[in-house]
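This report concerns only the one structure given below.
What follows is calculated from the coordinates using simple rules that are stated; it is not laboratory data. Just so you know, these numbers come straight off a predicted model, no measurement behind them. With ideal geometry, Cβ positions are generated from the backbone for all residues, glycine too; neighbour counts draw on all protein chains shown.
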Amino acid sequence: MRFDDNDYSVPVACAHHPIVAKGSCDEVVLCHVGQVVARHRRIWEREQVCFEPRNYLALLETKPGALDQARPLRGWTLPESFALLRRRLEGEPGGEGTREYIHILRMLEKHPLPVLRAAVEKALRAGAIRRDAIAQFILPQEEWRATLFALDGHPHLRGVKVQVPDVRQYGELLAGGGR
């Protein structure tokens, strides 16, 4: 989006759509259909470009090979834990590590960097480095003892009786060569 002879980035989904720019002395706020889609520090020089790397992650998802060459990502410094995560993902067989890393970076579109960083660090310690696992570390954790199973609204379940399993049956299965 061009404003006052400078270019400011917007999310890829908003590219080529009408954008309203609101400039103040400190920042430029970009809106699409009445919603704020980007905020940037105001640039006072002329013919400059202001990139927000998060705005380009959706595009990288379709072109993962551009991750290291993408101009909007130059100079974007992430915590060391992200570099370690990327190395581990790209070291896995299957060749989808870079794409999975970009999926994880896209979580920055909804979660602040400190929250995602903490989740990535927990995931690295647990050895669960996929996006779905990292998302679980972001969700608020309930104390399991505090959760209750209520039958409110499910009267048909009141008569259900669940037998206590006999774990000896599993031992017999394994002894018989079952898996």
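In loop segments of region 10-66 as defined by DSSP, the GluC sites (Glu not before Pro) with at most 10 further C-beta atoms inside 10 Å of their C-beta are 45, 47. Only one item in (1) 121; (2) 244; (3) 155 matches volume of the Cα convex hull per residue in Å³ derived from the coordinates shown, and that item is (2).
Panel order for 149, 3, by other beta carbons found within 10 Å of each beta carbon, from fewest to most: 149, 3. Between amide H atoms placed 1.01 Å from N, distances below 5 Å from residue 9 occur with 50, 52, all of them 5 or more places distant or on a separate chain. Remark: 101, 170, 8 ranked as 170, 101, 8, counting other beta-carbon atoms within 10 Å and listing the fewest first. For the chain, a crude dipole built from +1 on the beta carbon of Lys and Arg and -1 on the beta carbon of Asp and Glu, taken about the Cα centre, is about 300 debye to the nearest 20.
Distance between the pseudo-spin-label points of residue 35 and residue 128 (7 Å out from Cα toward the beta carbon): 3.0 nm.
When each of 98, 62, 77 is scored by the number of other beta-carbon atoms lying within 10 Å, the sequence from fewest to most is 77, 62, 98. In sequence order, region 106-119 has phi-based couplings of 5, 5, 5, 5, 10, 10, x, 3, x, 5, 5, 4, 4, 5 Hz under the Karplus curve 6.51 cos²θ - 1.76 cosθ + 1.60, θ = phi - 60°, and Gly or Pro positions carry x.
When the chain is treated as a Gaussian network with alpha carbon springs shorter than 10 Å, the biggest mean-square fluctuation among 46, 130, 54 belongs to 46.
Positive-end ranking of 101, 72, 51 along the dipole of the chain, with charges on Cβ about the Cα centre, is headed by 101. A Gaussian network model of the chain, with springs between Cα atoms under 10 Å, assigns the largest mean-square fluctuation among 34, 97, 127 to 34.
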